[in-house]
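*Asks:* Handing you this structure, nothing more for now.
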Amino acid sequence: MTQDELLELLERAKAEGWTVVTEAEEFDQSSLEELEWWAFLREMLERWGVPPGEEDSLENCLQWIDRQEQLFLSETLPPTEVMPRAVAENWRALDLAGRELETLPPELFELQQLEILILGKWDNKTAKYKGNNLTSLPPEIGQLSSLTQLDLSSNQLSSLPPEIGQLSSLTQLYLRSNQLSSLPPEIGQ
């Protein structure tokens, strides 16, 4: 769902008088309408699985929805279309798991605003991890300074470059099912 489609749905909900809040004696009408909007939006986001705390502002909600759409598109679009579209639209989330990559596409490092990069993950349909064939990461990985989540699961990595320590925003790093015997000391500094 695009941002425009979400806003259209919200306008429709308001026009049709969808009610989510039922106890509102202490609110005036404009407060009630705003509260109904937020309650409706929160309910929709809870159904879609938004992480707690992300629903506190409309901007955060819309960014979260955009990231979910980008993850879906990057997983389902043909490989030749993913990177050009991601670069053109300044994606913040990218899922390249299961693409049998041996190297990372050079265009990836143009995505300076990228927050989520998935190069391996658990696949609920097959009940297995799906990754790629990456044996190493280039030093350019350190250029993706906005990354908060990096999933490298189910690759063939035997080492990580020291530049991974430059990912100062990184809060989630997944490394399971690789051939790593140690981590660079730069991680966590």
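The values are calculated or read from the model by the stated rules, or taken from the named source; none is laboratory data. Model, not experiment: these values are computed from the prediction. Positions of Cβ are backbone-derived with ideal geometry, glycine not excepted, and every protein chain shown enters the neighbour counts. What goes into the accessible areas is simple: the full protein's heavy atoms, side chains included, and nothing from ligands, DNA or RNA. Shrake-Rupley method; radii C 1.70, N 1.55, O 1.52, S 1.80 Å.
*Asks:* Leaving ligands, DNA and RNA out of it, rank ILE187, ILE164 by accessible area with a 1.4 Å probe, largest first.
*Replies:* On the way: ILE187 55, ILE164 5 Å².
Sorted descending by solvent-accessible area, the residues read ILE187, ILE164.
*Asks:* Express in Å², to the nearest 10, the accessible area of ASP66 obtained by rolling a 1.4 Å probe over the protein heavy atoms while all chains stay in place.
*Replies:* Answer for ASP66: close to 40 Å² accessible.
*Asks:* Heavy-atom accessible area per residue, segment 118-175, 1.4 Å probe: how many Å²?
*Replies:* Ligands and nucleic acids excluded, the result is 47 Å² per residue.
*Asks:* So how much accessible area does THR103 have, in Å² to the nearest 10, using a 1.4 Å probe?
*Replies:* We get 100 Å² for THR103.
*Asks:* For segment 67-150, run through the GluC sites (Glu not before Pro) and keep only the ones in DSSP coil with at most 16 other Cβ atoms within 10 Å of their Cβ.
*Replies:* Passing sites in segment 67-150 are GLU89, GLU100, GLU102.
*Asks:* Another question about this same structure. Suppose we keep just the alpha-carbon trace of segment 105-152; what are its Rg and Dmax in angstrom?
*Replies:* Both quantities, over Cα of segment 105-152: 12.1, 33 Å.
*Asks:* Follow-up. Rank ARG176, ARG99 by accessible area, highest first, at a 1.4 Å probe radius?
*Replies:* Sorted by accessible area, descending: ARG176, ARG99.
*Asks:* Around GLU107, what is the net charge, scoring Lys/Arg as +1 and Asp/Glu as -1 over all other residues with Cβ under 13 Å from its Cβ? Walk me through the numbers on the way to the answer.
*Replies:* Values: positive: ARG85; negative: GLU81, GLU89, GLU110, GLU140.
The answer is -3.
*Asks:* Another question about this same structure. What Kirkwood radius, in Å to one decimal, follows from the Cα pairs of segment 94-180? Don't skip to the end; give the middle numbers.
*Replies:* Values: mean 1/r = 0.0779 Å⁻¹.
That comes to 12.8 Å for segment 94-180.
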